[in-house]
Amino acid sequence: AKQSGRNDYRFFTPEMQTHSDRVMRLDSALRKALAREEFHLMYQPQIEIATGRIIGAETLLRWQHPDLGQISPAEFIPIAEDNGQILPIGEWVLKTAARQTRQWLQDRDHAFLIAVNLSAIQFRQPNLPQRVLEILHETGLPPEHLELELTERIAMDDPVTAIEIISTLRKQGVRLSIDDFGTGYSSLSLLKRFQVYKLKIDQSFVRDMTEDPEDRAIVHTIITMAHSLGLTTIAEGVENAEQLALLQEMGCEESQGYFTGRPMSADSFGELLQAQFGA
Ligand code: C2E
Ligand code: CA
Ligand code: CA
Ligand code: CA
């Protein structure tokens with residue numbers, strides 16, 4: 001308990017009691033969730049705007065708790081980071097997505113990238129590049145088909161380490177992209193030293209860009225800056241045709257959002273891919 005004064009007694013409200021009860025419950029449930037097979041993955045299409053073709057998918061983790069129902073990753077990932085479970089869970093995500101992608105590709109040489117989110121805790125593991133390569137080897141997915149997403153915050157938090165890890169993975173053929181771009185504090189010079197190939201424009205800017213001139217200016221600036229560094233851009237949270245048209249006009253290459261494809265099961269995504277790749 002905090003010792004700093006009387007006010008602390010009033011600080012702890014019944015709502016917080018309920019909140020901390022839930023966190024404790026999720027914390028203990030998370031430790032068993034992998035063994036109980038309560039996780040599954042959804043895949044959200046990433047589209048090349050000029051052609052409408054699927055060029056990749058982002059892997060999104062889902063947790064179905066037997067009593068509490070579906071729990072958002074925004075809620076449980078921070079808890080899994082605190083209790084360390086994010087490491088085995090993160091490896092499971094990578095392994096499952098890699099195995100699934102290999103099955104979709106069937107050893108054919110399609111241009112397709114499977115994107116997997118990396119947590120700050122995973123990123124700080126000194127053996128991360130080695131584990132990634134081991135998992136790729138185990139699942140048989142060529143490294144050229146994997147893309148790891150690192151948020152701008154994580155990358156900028158420790159840029160020296162980020163530069164080194166990104167470069168190690170890059171040499172093995174694995175690509176890195178910067179997630180939630182625009183919400184952190186990137187410097188141009190650092191961005192240039194990161195050997196990333198893609199910026200993911202944060203959905204908070206895309207959401208209002210058709211009405212809000214400032215958000216539109218931010219999106220435009222990110223695209224221009226990315227291109228000047230030789231990077232590709234993908235807009236997240238694209239929900240309507242108007243946003244997509246504006247993005248295309250600004251030179252954004254790719255789209256990920258409800259308008260161009262919702263997160264879907266592996267089976268549904270496989271059918272979409274099958275239709276595009278042909279028999
Ligand atoms: P994120 O990486 O920024 O993922 C994009 C989020 O936006 C996903 O939420 C996705 O379902 C949602 N989204 C996609 N299109 C649209 C749209 O058009 N409109 C709106 N409003 N939302 C859209 P989700 O699946 O709830 O994931 C939330 C966050 O949880 C992710 O944000 C990511 O930070 C984290 N996360 C998800 N899966 C994993 C994972 O396997 N590992 C780690 N470390 N984090 C994960
Ligand atoms: Ca992401
Ligand atoms: Ca994002
Ligand atoms: Ca705004």
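The values are calculated or read from the model by the stated rules, or taken from the named source; none is laboratory data. Note that this is a predicted model, so its numbers are computed, not measured. Positions of Cβ are generated from backbone atoms using ideal geometry, with glycine treated the same way; all protein chains shown enter the neighbour counts. Please note that ligands, DNA and RNA were not included when accessible areas were found on the heavy atoms of the full protein model with its side chains. Shrake-Rupley method; radii C 1.70, N 1.55, O 1.52, S 1.80 Å.
Here is a list: Y185, Y258, Y197. Which entry is of a type outside the set (D, E) and out of contact with any helix residue (DSSP H, G or I) (no Cβ under 9 Å at 6 or more places or on another chain)?
On the way: Y185 fails: out of contact with any helix residue (DSSP H, G or I) (no Cβ under 9 Å at 6 or more places or on another chain); Y197 fails: out of contact with any helix residue (DSSP H, G or I) (no Cβ under 9 Å at 6 or more places or on another chain).
Just one listed residue meets the conditions, Y258.
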Residues to consider are Q195, Q248; find the one that is open to solvent by 70 Å² or more (accessible area, probe 1.4 Å), over 26 Å from L128 (Cα atoms) and more than 16 Å from ligand 2 (Cβ to nearest atom). Q248
Please state which one of W63, W104 is farther than 26 Å from V206 by Cβ, crowded, with 17+ Cβ neighbours inside 10 Å and touching a residue at least 60 places away in the same chain (Cβ under 8 Å). W104
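Could you say which residue among R207, R175 is surrounded by 14 or more Cβ atoms within 10 Å (Cβ to Cβ), in contact (Cβ under 8 Å) with a residue 40 or more places away in the chain and either within 16 Å of ligand 3 (Cβ to nearest atom) or not hydroxyl-bearing (S, T, Y) (or both)? Steps first, please.
Details: R207 fails: in contact (Cβ under 8 Å) with a residue 40 or more places away in the chain.
The conditions single out R175.
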Picked from region 214-245 (must be open to solvent by less than 40 Å² (accessible area, probe 1.4 Å) and charged (D, E, K, R)), the residue nearest to Q46 (Cα to Cα) is E236
L148: open to solvent by less than 10 Å² (accessible area, probe 1.4 Å) and more than 19 Å from L87 (Cβ to Cβ), yes or no? no
Being part of a strand (DSSP E or B) and closer than 30 Å to Q106 by Cβ is the requirement here; does E144 meet it? no
Among the residues of region 123-139, write down those that are of a type outside the set (A, V, I, L, M), open to solvent by less than 20 Å² (accessible area, probe 1.4 Å) and closer than 24 Å to I79 by Cβ. F123
Among (1) touching a Gly at 6+ places or on another chain (Cβ under 6 Å); (2) more than 16 Å from ligand 2 (Cβ to nearest atom); (3) aromatic (F, W, Y), where does Y185 come up short? (1)
